[in-house]
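To start, the structure itself, in structure tokens.
The values are calculated or read from the model by the stated rules, or taken from the named source; none is laboratory data. Just so it is clear, the structure is predicted and the values come from calculations on it, not from any experiment. Here the Cβ positions follow ideal geometry from the backbone for every residue, glycine too, while neighbour counts run over all protein chains shown. The protein model used for the area step is the full one, side chains on, heavy atoms only, and it has no ligands, DNA or RNA in it. Shrake-Rupley method; radii C 1.70, N 1.55, O 1.52, S 1.80 Å.
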Amino acid sequence: MHKIDIELIEMTMDIMKYAIDRISSTQSKIGKPKTEEKLKELVGETITKKGIGGEYAFNLWKKYLMKANVSIDHPRHLAFVPASPTRAAIMFDLVTSASSVHGAYWMEGAGGIFCENEAMKWIVSLTGLPKGAFGVFTSGGTAANLSAMVTARENWRENDAFKGEKGLIITSIGAHSSIKAMAKVIDVDLLLVDSEDRLIGEELQKTLDSLTEHQRKRLFSVVATGGTTNAGIIDDLEGIADICEKENLWFHVDAAYGGGALSADSVRHLFNGIEKADSVTIDPHKWMFSPYDCGAVIYKQPELAKKAHSQEGSYLDIFKDEGAHGFNPTDYQIQLTRRVRGLPLWFSLATHGTDRYKEAVERGIELAQIAGKMIEKNPNLELVREPSLSCVLYRRIGWKPEDYTNWTYENHKKGFALVTPTKWKNKDEYETVSRFCFINPDTSEEDIKAILDSMMEKRVKK
Ligand SMILES: *Cc1c(COP(=O)(O)O)cnc(C)c1O
């Protein structure tokens with residue numbers, strides 16, 4: 001036993017040291033994926049009857065496997081929606097695991113859920129939703145969107161007139177792919193307004209007016225986007241909210257990426273109307289500096305979500321202890337057993353204060369503006385549209401789609417940067433363009449300049 005204890009302590013120290021090194025390092029390379037065959041060749045069998053030993057396995061991780069991941073927090077990782085979890089949040093992610101909290105019911109996770117709810121109150125306050133609105137942390141934006149859509153559909157079906165009908169949701173083509181995917185999960189149809197730009201009230205009204213009588217009967221919800229993933233565009237939430245109210249439709253705002261910017265004074269007005277939503281999705285693991293995974297769904301009337309999602313009302317009645325009775329996160333989203341995944345956010349908010357969050361988000365927006373100016377000054381570059389939130393779409397004049405992919409590949413291969421092309425719908429054609437998304441406040445102007453400069457070099461033929 002004694003020997004094992006020492007080994008365990010050594011292992012613990014090694015792992016803590018690794019964690020500290022990893023979150024303190026500023027000069028890491030961006031990792032690169034390898035094929036499964038290649039990885040297998042490098043590490044061999046790892047799951048065996050006797051085990052290969054923690055030290056050996058850990059070395060395999062450090063030497064090969066870790067490097068086959070793209071670090072999301074690298075300051076020159078500007079692809080997709082990157083992330084930049086705070087050190088405080090990451091350290092508390094370790095604490096969350098170590099504390100073994102079951103986060104479904106207050107009865108088992110009161111302390112952890114209390115902390116989650118404190119953080120949630122701040123998020124809800126950013127939306128301006130009325131008193132009584134509340135939310136719950138989910139595994140991400142997809143699960144949050146699904147939970148909200150289920151709530152909307154179940155609420156709609158309360159009315160006998162709609163019991164046998166297949167539901168219909170209106171959104172725009174700028175909406176995130178998860179809306180389309182989750183519509184399949186709940187077996188409802190989606191009608192996409194053909195606009196990748198800002199969806200405005202009049203356009204929604206036109207679409208409504210064009211519906212057949214049966215389609216109108218089946219329609220129960222409109223999903224607007226509070227910051228499209230591709231371009232950072234915020235739909236006309238005010239106009240859409242008014243129509244939803246008038247037409248008695250559930251108004252969902254998917255602000256998985258953009259929601260973090262609700263704390264930024266410079267852009268907060270763009271979200272006006274979000275306070276009228278029936279439900280809102282925000283991903284703290286995107287622009288609220290939480291480690292993966294952490295999404296959130298907020299409801300204007302949480303009791304409707306409870307009606308739709310609660311799995312077992314009677315379970316709690318057996319507990320006499322009054323401390324056992326409280327908020328049960330499982331009642332408001334699709335998951336039963338869950339990690340208290342809002343706990344790292346709570347600790348980070350408590351540590352830094354909400355002003356620091358505001359500043360860090362403003363920096364992302366500012367970096368997008370700075371990048372926009374650099375692009376405008378360069379005769380070989382052109383903005384596709386003005387930067388929106390922290391997204392910048394731009395083109396290298398004269399480049400074909402393969403030039404963008406080659407450039408991305410070369411920069412990634414060098415471990416220098418990850419900036420991927422995207423497609424932008426212009427009239428009826430999709431154009432391949434380059435895209436930045438800024439989240440990490442440690443990204444510097446020099447980083448942006450170096451990336452743009454690398455577009456000016458003569459391309460090496462493949
Ligand atoms: C990222 C994103 C999602 C999906 O969120 P996950 O956390 O990846 O599940 C949904 N909607 C929007 C607008 C997003 O940007």
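Observations on the model:
- Members of the range 1-25 found to be modelled with pLDDT under 85 and closer than 17 Å to Lys63 by Cβ, listed by number: Ser25
- Long-range neighbours under 6 Å by Cβ, at least six apart or interchain, first residue part of a helix (DSSP H, G or I) within the range 68-91, second within 14 Å of the ligand (Cβ to nearest atom): Ala89/Ser290; Ala89/Pro291; Ile90/Pro291
- Check on Asn59, part of a helix (DSSP H, G or I) and over 29 Å from Ser25 (Cβ atoms): no
- Checking Phe220, Phe251 one by one, the residue that is in contact with a helix residue (DSSP H, G or I) (Cβ under 7 Å, 6 or more places away or on another chain), away from the ligand (no atom under 16 Å from the Cβ) and not in a loop (DSSP other than H, G, I, E, B) is Phe220 and no other.
- Condition check for His214: under 14 Å from the mean Cα position of the chain (by Cα) and not in a strand (DSSP E or B): no
- Exclusive hit being within 21 Å of Leu146 (Cβ to Cβ) and away from the ligand (no atom under 11 Å from the Cβ), set Lys276, Lys300, Lys286: Lys300
- Residue match in the range 44-60 (condition: out of contact with any Asp or Glu (no Cβ under 7 Å at 6 or more places or on another chain), touching a residue at least 24 places away in the same chain (Cβ under 8 Å), farther than 30 Å from Leu336 by Cβ and open to solvent by 40 Å² or more (accessible area, probe 1.4 Å)): yes
- Residues of the range 128-152 that are under 19 Å from the mean Cα position of the chain (by Cα) and over 16 Å from Glu116 (Cα atoms): Gly141, Thr142, Ala143, Asn145, Leu146, Ser147, Ala148, Met149.
- Scanning the range 385-415 for residues that are at pLDDT 95 or above, in a loop (DSSP other than H, G, I, E, B) and open to solvent by 30 Å² or more (accessible area, probe 1.4 Å) gives Arg385, Glu386, Ile397, Gly398, Trp399, Lys400.
- Residue check for Ile439: of a type in the set (A, V, I, L, M) and in a helix (DSSP H, G or I): no
- The set of residues in the range 97-111 that are within 24 Å of the chain's Cα centre (by Cα) and crowded, with 23+ Cβ neighbours inside 10 Å contains only Gly103.
- Every listed requirement among (1) within 16 Å of the ligand (Cβ to nearest atom); (2) among the hydroxyl-bearing types (Ser, Thr, Tyr); (3) under 17 Å from Glu118 (Cα atoms) is met by Tyr292 save one, (3).
- Count of the range 416-462 residues which are open to solvent by less than 40 Å² (accessible area, probe 1.4 Å) and of a type in the set (Lys, Arg): 1
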